[in-house]
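Take a look at the structure set out below.
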Amino acid sequence: MRVINVKTRLRKYPILIESGITEDFVDHLKKNFSGFNKVVVITNNKVFAIHGQRLKELLDKGKLESYIVVLEDGEEFKNLESADYIYKKLIDFNIHRNDIVVAFGGGVIGDLGGFVASTFHRGVRLVQYPTTIIGQVDSSIGGKVVVNYNSIKNVIGNFYQPHMIIIDPLLITTLEEREIINGLAEIVKYGIVFDRKILKILEENVDEGNDSRLFELIKKSVFEEIIYRCCHIKSVVVEKDEFDLGYRNLLNFGHTIGHCIEKAAKLEEINHGQAVSMGMIVAIDISVELNLVKKDFKDMIIKLYRKLKLPYIIPQLNITDIIGGLKYDKKFTSTRNKFILLKGINKPVFYYNVSQDIVERCISKNMEQA
């Protein structure tokens, strides 16, 4: 088992990474926590249909007083209405601060479950237990717990570090291809911004001529190495800038435009990873426009995109809606915008006050034509 010990101002906590760790899930709860009486697992109907029965068996076998709250699947359910539903359940179960909330699902469940755990009784114990690639390599780590509001992504939330993260790479082998692509976009982000070895591993382990290549990739033992590398990078970044005041903004490469694409699509038609995938290409084009990188840099990234089936053409959305979403970006102020751009592989740079003309032009050139 690989263990990453994260040390932040709010809390120290372990990230446990091991294929098959699910079988020892209850043992790890008992080993890492004392004095708890109840465990509440928050999940969604899609995850529960696949893993729910086994999870119940493990909880029962461990003789824990446990409850499972099942929500609808989808980004559109990461809202205050869902949070209210969970609060009512926690009150019904008579949950106290010493008890444990387990967020068992993808990024939506991790964000929502974490938000609820952070605010119920001013904070109950939280275990992030991601079942998707995007959850395992990114969203479960770092303590950002949020909900959407009025189709504005991640606008209500706070920082609340988990007490433990459990990552079982076997869980992702049940994902549909769309969800694999969702996670691969974040992995490529880590490779472009922080660790070119990740890109090399992807290049060497994906056979472009094989249509089932993504399913085969995530079953390879080397994919656990990719997960570990991403987790390690994220933990180092979080330790340097826990509250996202500067350095941690680098993790938002591709997210600035990506979140706007998600909002323009009403958080339903395009998932987070797909939007980030497109957003990274727009950010690269802005970098080219500003003479930070040469055009062949984009060609190199597109070649990898094609191997990984990552989308790089934005659907026919209203460009005014996309641009309008920029005003909600947390890195922006009323007088200044801030983009994460590139001077090359693993050479990110903060760039301020990019003109709207350039942004619009780079979105337009990557948009599907009628």
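Tabulated results
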| read-out | value |
| --- | --- |
| Elements of type helices (runs of 4 or more DSSP H) contained in the stretch 150-242, each with 1 or more residues being among the aromatic types (F, W, Y), modelled with pLDDT of 95 or more and surrounded by fewer than 23 Cβ atoms within 10 Å (Cβ to Cβ) | 213-219, 222-240 |
| Total residues in the stretch 282-299, condition under 21 Å from H255 (Cβ atoms) and out of contact with any helix residue (DSSP H, G or I) (no Cβ under 7 Å at 6 or more places or on another chain) | 3 |
| Count - residues of the stretch 147-171 that are touching a Lys or Arg at 6+ places or on another chain (Cβ under 9 Å) and either of a type in the set (F, W, Y) or free of Cβ contacts under 8 Å to residues at least 60 places away in the same chain (or both) | 4 |
| Some residue of the stretch 320-328 being in a loop (DSSP other than H, G, I, E, B) and over 21 Å from the mean Cα position of the chain (by Cα) | no |
| Residues within the stretch 305-318 that are of a type in the set (A, V, I, L, M, F, W, C) and surrounded by fewer than 16 Cβ atoms within 10 Å (Cβ to Cβ), tallied | 1 |
| Single match in K219, K197, K240 (criterion: over 20 Å from P311 (Cα atoms), assigned by TED's automatic domain parsing to the domain that holds M280, in contact with a Ser or Thr (Cβ under 7 Å, 6 or more places away or on another chain) and among the basic types (K, R)) | K219 |
| So F332, is it surrounded by 13 or more Cβ atoms within 10 Å (Cβ to Cβ) and touching a residue at least 12 places away in the same chain (Cβ under 8 Å) | no |
| Where I358 falls short, out of the listed (1) in contact with a helix residue (DSSP H, G or I) (Cβ under 7 Å, 6 or more places away or on another chain); (2) part of a loop (DSSP other than H, G, I, E, B); (3) surrounded by fewer than 17 Cβ atoms within 10 Å (Cβ to Cβ) | (2) |
| Odd one out for Q128, checked against (1) under 25 Å from D27 (Cα atoms); (2) in a helix (DSSP H, G or I); (3) within 13 Å of the chain's Cα centre (by Cα) | (2) |
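The values are calculated or read from the model by the stated rules, or taken from the named source; none is laboratory data. Just so we're clear, the structure is a prediction, and the values are computed from it rather than from any experiment. Positions of Cβ are backbone-derived with ideal geometry, glycine not excepted, and every protein chain shown enters the neighbour counts.
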